[in-house]
Amino acid sequence: MHKRSSQCRPENVAVTVLLFVFAVAGAFYLLLGPKSDFSENENRVLEQAPALETSALLDGSYTDSLEAFVNDQFPLRTQFLSLNTSFQIVSGRKDLGSNYSITPAEGGVYLGKNDHVYEVLLPNTTDTFKKNIQGLKTFSQETGLPFWVMPVPSGSQEQQENLPLFAQNHDQREELKYIRDTITDKNATVVDLFDTLGSWNGDFYYKTDHHWNTFGAYEGYKVLAEKMGFTPYGKDKFTFRLASRSFYGTLYSKAINFFQKPDDLYLPEYTEPQDIVQVIGGEEREGLYWEEYLDKKDKYSTFMGGNHSVEVVKNKNQNNGRKLLLLKDSYANSLVPFLCLHYSEIHVIDLRYYSQNIYEYVEENGITEAAAVYSMKQLCDVDISNKLAVG
Amino acid sequence: MSFNSLAFLCLFLPISLLAYYIVPRKAKNFCLFMFSLVFYAWGVPAHVLILLGTIVVDYICGLLISHFSDAKGKARLFAALNIVVNVGLLGYFKYTGMIVTTLNGFGADLPVPEIALPLGISFYTFQSISYAVDVYRKQVPAMRNFIDFGTYISCFANIVSGPIARYSLMYEQIKNRQETTAKFTAGCRRFLMGLFKKMLIANTLLELSQRVQYMEAPSTLSAWLGVLAFTFYIYFDFSGYTDMAIGVGGMFGFELPENFEFPYASRSFSEFWRRWHVTLGRWFRDYVYIPLGGNRVKKPRLIMNLAVVWVLTGVWHGASWNFALWGAYCGLLIICEKLFLQKLLEKIPVFFRWLYTFLAAAMGWVFFSYTDLSKAGTLFAALIGITAPGADASGPYLLITFGPMLVVAALCSSPLVAEMAHRLKDVAVWKVLWVVGYVVLLALSVGAMLNNAYTPFLYANF
């Protein structure tokens, strides 16, 4: 390796040709090839060719944009990424997409058995979770409304037998215990789904997405409805319509590869047609399914069109006058189609995007009861407590 | 700009080569100088002014040293001026923050300035100093041509992290080098080799190392895996970068000095340092150690000289006390070897000599990689099995998932694989396989670059 001979070796010539054919082909594609605006696989906007401006040149942002442009618009991008995933798997890796150079670290995903990809759960290193639970407790005490708190465990918590050998995973039951010990007010009920969603009962999670699947949401609905004092409708009362057979979810984006099998996405439909509208910013929309998302990558957003800061789901066939305030993350989006059968109105608020006073909202809208449906991981990761503070 | 980015590979490299080979001989250095300035300005454009300023000052100093070469005192004055300017720049940009933080630790209450480190400053200031000293020593003439001098200091092949090419070595190459197909093609191969080392081996091992560093209380098995991971990571990261630098140099007709000669196959710690980051070791030898008197002094003075050189070597790596400690650790081992350890080593079997050296290097990297000394302490305790469980679940998991890459790294860092490849190099089938291998590895590396666009080289921080 260290002897530099003066004669030219044919294999070096071959490698040189390889390098420059590759580089020049890449350059020409970047210059002339088609550009895409959005990466469905990674769910993000792709960088476009930056405009040459003096200020951008001087502060270095031009070159940053140029580098991002080259990476984002590179030819055969998805194929190269899949190749990289395959290489990592062949080299023995059982998890991908982590980043331990930051605190708190990102765990990435486990490549599990049965074609499942799972979130890696790491122990909490911040007090976000505790602050959130204290926030929910404040909410419970401040409103005094009947209040159900339903934290949904992650797929990797519930299907541990599918995780790779010796895989480390934080036990979310610790958080469940903390919630139970903290939210103890009479009006509040903590709903435990940990046993219900266990894999001995079925597969309640998407293979490639971090959400529970429609059947998981149904199980959640059954337990929650009972706690709320309703008799939940049996499975036979619903048609589960297979809306897509090619759903690649958020977890897949961290482990793009050729051989991942896609998920099926089912939309539940109650056998007796209901007159249900979703009101967002004064606009009424019929039904809860935004089927235009079935043609996109983010198919889970078919449920209620993804997250909105505030929306009201009205069931005109249900006249019991009960108005539920639902504090939630995206897990609830596939739960609402079941739950709305029992309420005249469900006021759905995603505190991450909501900036008004929640207590005034409760007063102004005549809310009769409240629920918080969150994935446990979201409660650990994203601080919503300031939106629940009084005053 | 970083070698391991697609923008470099697909845009900067082909364009700069094309321009370089089109322009007439007389304009080649000018062309290279201009592209080097663009390369340098890529990340933080303002820093290019610092580089240009240094080049101007050092250029003038060089001319004056040469002009006054018969009047020792004046020549010495301008050589000293060059050194003061370069050391001053390095001191200001690299160590101000560290000094202020340290003073604050002793009770001072000073605002800690945030000074961004200009790219490659630790490397090009050392090249500049070598220029002044070599001219002063009359080993080589000064550069009369500003463009030539600018090319020497700023050449993008090695400005970011070396190899530190001393002026005496480069003078001829800057003045009249010959670009040949042999150099060019060997350079391309070398460049790709470095890219593979960085993207396929180093980055994976960095992840393992970071995972263990992230743990509050690693088990003994995890701790060892973490130490091994960093040991191989730093080798593949830095030698990968160096391969790319030497490769790029070759494409422009340069022959840059080697930096690594299978350091982990060494059989004493002194030998390790003769094979690890060779150009830095030589620089300290020629410009610090020998001027201090080198070996030809009495024992206490020798120990003193070695201690100074090694603490400086440590501190050069980074503005943080753990690097000083690491330097002191290296110095201590080398002093011990000089005084008595070497004689002992010669009496034990080769395998144990190697083991001692490898472990000594690996333990050194703990000081190097843990800026938080209390965490380094926890790790050492875990390594020898006190205060930590021997193995928890994470140890076997990391072993299974990263073990194969550690084995690959160990094999590729030893001379065995290189020797085998050397022996097979004239077999026709092997040549075909070899080229196919490069195609596959290039595709994998591109995937890795797309997957993680920003994976800087470790030594670009120093």
Please verify whether the range A:148-158 includes one or more residues that are surrounded by fewer than 19 Cβ atoms within 10 Å (Cβ to Cβ) and either within 14 Å of chain B (Cβ to nearest Cβ) or touching a residue at least 24 places away in the same chain (Cβ under 8 Å) (or both). no
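Determine whether B:PHE367 is assigned by TED's automatic domain parsing to the domain that holds B:LYS198, crowded, with 19+ Cβ neighbours inside 10 Å and at pLDDT below 90. Before you say what the answer is, go through the steps one by one.
Details: assigned by TED's automatic domain parsing to the domain that holds B:LYS198: yes; crowded, with 19+ Cβ neighbours inside 10 Å: yes; at pLDDT below 90: no.
Judged against the criteria, B:PHE367 is not a match.
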Filter the range A:52-83 for residues that are farther than 25 Å from B:LEU444 by Cα and among the hydrophobic types (A, V, I, L, M, F, W, C); the one that is surrounded by the fewest Cβ atoms within 10 Å (Cβ to Cβ) is A:LEU52
For the structure I just gave you, tell me whether B:MET420 is out of contact with any Lys or Arg (no Cβ under 8 Å at 6 or more places or on another chain), of a type outside the set (Gly, Ala, Ser) and in contact (Cβ under 8 Å) with a residue 60 or more places away in the chain. no
Of all residues in the range B:419-462 being β-branched (Val, Ile, Thr) and in a helix (DSSP H, G or I), which is surrounded by the fewest Cβ atoms within 10 Å (Cβ to Cβ)? B:VAL429
Would you pick out the residues in the range B:404-427 that are within 10 Å of another protein chain (Cβ to nearest Cβ) and under 26 Å from the mean Cα position of the chain (by Cα)? B:MET405, B:LEU406, B:VAL407, B:VAL408, B:PRO415, B:VAL417, B:ALA418, B:GLU419, B:ALA421, B:HIS422
I'm told B:LEU51 meets every condition in (1) surrounded by 17 or more Cβ atoms within 10 Å (Cβ to Cβ); (2) in contact with a Pro (Cβ under 9 Å, 6 or more places away or on another chain); (3) within 14 Å of chain A (Cβ to nearest Cβ); (4) within 25 Å of A:SER55 (Cβ to Cβ) except one. Can you identify the failing condition by its number? (3)
Hey, any hits in the range A:32-45 for a residue that's outside any helix (DSSP H, G or I), facing chain B (nearest Cβ under 7 Å) and closer than 19 Å to B:THR455 by Cβ? no
All but one of (1) more than 24 Å from the chain's Cα centre (by Cα); (2) crowded, with 17+ Cβ neighbours inside 10 Å; (3) among the aliphatic types (A, V, I, L, M); (4) modelled with pLDDT under 90 hold for B:MET98; state the number of the condition that does not hold. (1)
Just to be sure, is B:LEU17 part of a helix (DSSP H, G or I) and within 14 Å of chain A (Cβ to nearest Cβ)? yes
Identity of the residue in the range B:255-282, assigned to a helix (DSSP H, G or I) and of a type in the set (Phe, Trp, Tyr), that ends up nearest to the other protein chains (Cβ to nearest Cβ): B:TYR264
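If you take the residues of the range B:428-453 that are more than 7 Å from every other protein chain (Cβ to nearest Cβ) and in contact (Cβ under 8 Å) with a residue 24 or more places away in the chain, which of them is farthest from A:ALA25 (Cα to Cα)? Please lay out each step first, then the result.
To start, the set of residues in the range B:428-453 that are more than 7 Å from every other protein chain (Cβ to nearest Cβ) comprises B:428-430, B:432-433, B:436-437, B:440-441, B:445, B:449, B:452.
Right, trim to in contact (Cβ under 8 Å) with a residue 24 or more places away in the chain and you get B:441, B:445, B:449, B:452.
Numbers: B:LEU441: 18, B:SER445: 16, B:MET449: 17, B:ASN452: 21 Å.
My answer is B:ASN452.
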From the set of residues in the range A:88-109 that are over 30 Å from A:ASP127 (Cα atoms) and crowded, with 20+ Cβ neighbours inside 10 Å, which is farthest from the other protein chains (Cβ to nearest Cβ)? A:GLN88
Residue ID - farthest from the chain's Cα centre (by Cα), chosen from residues in the range B:202-243 that are farther than 13 Å from B:ALA362 by Cα and among the β-branched types (Val, Ile, Thr): B:THR220
Which of the strands (runs of 3 or more DSSP E) contained wholly in the range A:242-296 include at least 2 residues that are farther than 23 Å from A:LEU326 by Cα and modelled with pLDDT of 95 or more? A:263-270
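The values are calculated or read from the model by the stated rules, or taken from the named source; none is laboratory data. The shown structure was predicted, so the numbers you read here are calculated from the model rather than taken from an experiment. Counting neighbours? That spans all protein chains shown, and the Cβs are built from the backbone with ideal geometry, glycine included.
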